Amino acid sequence: MSQIPELLPYTLLLSGTAGLFYAVALLAAALVSVLASAQDRRKDARTTLSILVHRRPR
């Protein structure tokens, strides 16, 4: 039990970093799905985005 206070900041840092990387991946996929010039690339980006946010296809 005495190690929990020592490990808590590292756990929070790791969780925050993982959340930041996830947000950057979502942002990149969203930007590509809107801004890509090739239709295939936009479709692939939308598919990736739907996987990342766990949406089901309509």
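The values are calculated or read from the model by the stated rules, or taken from the named source; none is laboratory data. Predicted model, so just to flag it, every value in this text is computed and none were measured. Reconstructed Cβ throughout: ideal geometry from the backbone, glycine too, with neighbour counts over all protein chains shown. Please note that ligands, DNA and RNA were not included when accessible areas were found on the heavy atoms of the full protein model with its side chains. Shrake-Rupley method; radii C 1.70, N 1.55, O 1.52, S 1.80 Å.
Side notes on the structure shown:
- Pair list, Cβ < 6 Å and 6+ apart or interchain, from region 12-25 residues that are part of a helix (DSSP H, G or I) to residues that are open to solvent by 80 Å² or more (accessible area, probe 1.4 Å) and among the β-branched types (Val, Ile, Thr): none
- Residue in region 16-40 that is surrounded by the most Cβ atoms within 10 Å (Cβ to Cβ), counting only those that are closer than 13 Å to Val53 by Cβ and among the aliphatic types (A, V, I, L, M): Ala29
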